[in-house]
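Quick notes on the structure that follows.
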Amino acid sequence: MPQEPATEPPPPSTNPLKPTAAGTERAKKIYTQDCEICHGTKGDGKTDVAASLGTPVPDWTDPKSLANKSDKELFDIIRNGKDKMPAEDASRAKHDDVWNLVLYIRAMGKGRTAAPAEPAAPAQPVTPAPPATPATPAQPVTPAPPATPATPPPAN
């Protein structure tokens with residue numbers, strides 16, 4: 001009797017992942033294969049396929065288009081499909097892949113589609129530069145003593 005493939009447990013209600021370089025690369029690969037044809041390279045939804053659907057495709061480059069959607073809602077739309085959008089099959093993308101797609105799509109609204117390689121190290125406090133040393137003032141000019149009136153020649 002053939003054994004059924006193991007299924008993943010239900011996804012959590014919030015995105016358990018943080019952006020990483022590896023997660024972003026995987027999401028980009030899936031997005032390119034499965035999403036880009038309708039949603040566009042930049043995520044703006046301006047493609048011939050999207051236009052032919054007769055259904056508005058959201059512009060993910062506009063942060064307002066995602067503002068009222070939770071990560072879980074986006075996960076569910078990707079996983080289950082919506083309207084004319086097909087579902088992302090679990091055999092092609094595991095839960096973590098879909099969560100990374102959510103992060104990838106959200107980054108489009110922030111003007112970037114790549115995550116930092118690793119979390120940045122905490123910023124070191126900037127030590128202010130010492131105040132500039134004022135230029136040595138010119139030596140004061142000592143005024144010449146007042147001219148002494150010429151003494152008249154002695155009278156004879």
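The values are calculated or read from the model by the stated rules, or taken from the named source; none is laboratory data. Being a predicted model, the structure only gives us computed values, none of them experimental. Here the Cβ is made from the backbone with ideal geometry for all residues, glycine too, and neighbour counts use every protein chain on show. Calculation scope for accessible area: heavy atoms of the full protein, side chains included, ligands and nucleic acids excluded. Shrake-Rupley method; radii C 1.70, N 1.55, O 1.52, S 1.80 Å.
Being assigned to a helix (DSSP H, G or I), of a type in the set (Lys, Arg) and out of contact with any strand residue (DSSP E or B) (no Cβ under 9 Å at 6 or more places or on another chain) is a property that does not hold for Lys42.
For the condition exposed (fewer than 10 other Cβ atoms within 10 Å of the Cβ) and within 15 Å of Ala107 (Cβ to Cβ), what is the one hit in Ala21, Ala27, Ala67?
None of the others qualify; the one that does is Ala67.
When the stretch 66-99 is filtered for residues that are within 20 Å of the chain's Cα centre (by Cα) and outside any helix (DSSP H, G or I), the ones remaining, listed by number, are Asn68, Lys69, Ser70.
Taken as a whole, the condition of being assigned to a helix (DSSP H, G or I), open to solvent by less than 100 Å² (accessible area, probe 1.4 Å) and at pLDDT below 95 does not apply to Val102. Scanning the stretch 19-55 for residues that are under 16 Å from the mean Cα position of the chain (by Cα) and in contact (Cβ under 8 Å) with a residue 12 or more places away in the chain turns up Pro19, Thr20, Ala21, Gly23, Thr24, Ala27, Lys28, Lys42, Gly43. Please indicate, with yes or no, whether at least one residue in the stretch 4-16 is surrounded by 12 or more Cβ atoms within 10 Å (Cβ to Cβ) and part of a helix (DSSP H, G or I). The answer is no; no qualifying residue exists.
Only one of the numbered conditions (1) under 18 Å from Leu103 (Cβ atoms); (2) without any contact (Cβ under 8 Å) to a residue 40 or more places away in the chain is not met by Pro16, and that is (2).
Of the residues screened, Gly40 is one that is modelled with pLDDT of 95 or more, over 19 Å from Arg92 (Cα atoms) and out of contact with any Pro (no Cβ under 8 Å at 6 or more places or on another chain). What do you reckon, is Ile77 among the aliphatic types (A, V, I, L, M) and open to solvent by 100 Å² or more (accessible area, probe 1.4 Å)? Taking the combined requirement at face value, the residue does not satisfy it.
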